[in-house]
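Please read the structure below before turning to the comments.
The values are calculated or read from the model by the stated rules, or taken from the named source; none is laboratory data. These numbers were taken from a predicted model, which means no experiment stands behind them. As a convention, Cβ positions derive from the backbone with ideal geometry for all residues, glycine included, and neighbour counts pool all protein chains shown.
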Amino acid sequence: MDRPYPPSSLIELSELSDFGIRLTPAPEVWDWLQAEILDDTGSIHNPDHAHLLDADIRIMWASSSFEKQGRTVLGQAEQVAFRAGGWQKARMEQQMRDWFGDVPAFIITLAADYCSQCSDTDFCALVEHELMHIAQARDQYGQPKFTKDGMPKLELRGHDVSEFVAIVERYGVGAPDSDVARMVEAAKKPPSVNRASIASACGTCLLRAV
């Protein structure tokens, strides 16, 4: 299956400041993800996402990226939760049903302006990065959790080092100024703080560094 692209009409809206950011469901992206990445017959199948094969996830296009804490946000995974009641909650639920037909457990939003012109590699790296935020929950012993129906119990999670390694192995470090690229470059250099300085600040850190 060819990689999905956002509709041109949404890109045109992103160029009109009067409209602000517009959003639209992108079921074709989820179909492509399932066929090419989640399914074991996919051309770029990744077994790390096996817990997501039947997950209740929806994808959306946003007409443009946005800025947060001085950084450009190109994709975002979120667990759907309504922190409101009464009509506010009803309005939010109605919007979900109008978009998707029901209220999903998770939504991944992608910046259409970026995805319309980025390379195939960068697109795949972005969507897999967001998929990795939706992890299988684990119990106190580190074992994977399941629902009463036997499905993987999912939760939203930040990245650890192993997940960054998985992305680098598949797609490289990305842009030279990306967090992953800076981490790789930092790992190549000698430490800027020596062990004596660490010891003087925190003995526990020294033990962990040995």
- Note on the structure: Residue pairs qualifying under the 6 Å Cβ cut-off, at least six apart or on distinct chains, with the first in the stretch 86-109 being aromatic (F, W, Y) and the second being part of a helix (DSSP H, G or I) and surrounded by 15 or more Cβ atoms within 10 Å (Cβ to Cβ), are none
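Residues checked against (1) surrounded by 14 or more Cβ atoms within 10 Å (Cβ to Cβ); (2) under 19 Å from R157 (Cβ atoms); (3) in contact with a strand residue (DSSP E or B) (Cβ under 6 Å, 6 or more places away or on another chain); (4) among the basic types (K, R):
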site	(1), (2), (3), (4)
Q76	yes, yes, yes, no
A81	no, yes, no, no
Q94	no, no, no, no
A112	yes, no, yes, no
- Given (1) within 30 Å of K145 (Cα to Cα); (2) of a type in the set (A, V, I, L, M); (3) buried (at least 17 other Cβ atoms within 10 Å of the Cβ), number of the condition A62 does not satisfy: (1)
- Test C118 against the criterion of being assigned to a loop (DSSP other than H, G, I, E, B), under 24 Å from M60 (Cα atoms) and modelled with pLDDT of 85 or more, and give yes or no. yes
- Task: State whether the residues of the stretch 195-210 include one that is part of a loop (DSSP other than H, G, I, E, B), more than 15 Å from the chain's Cα centre (by Cα) and at pLDDT below 75.
- Result: yes
- In the stretch 52-96, what residues are charged (D, E, K, R) and either within 13 Å of I108 (Cα to Cα) or not in a strand (DSSP E or B) (or both)? D54, D56, R58, E78, R83, K89, R91, E93
- Of the residues in the stretch 116-160, those that are free of Cβ contacts under 8 Å to residues at least 12 places away in the same chain and of a type in the set (G, A, S) come to S119, G142, G150
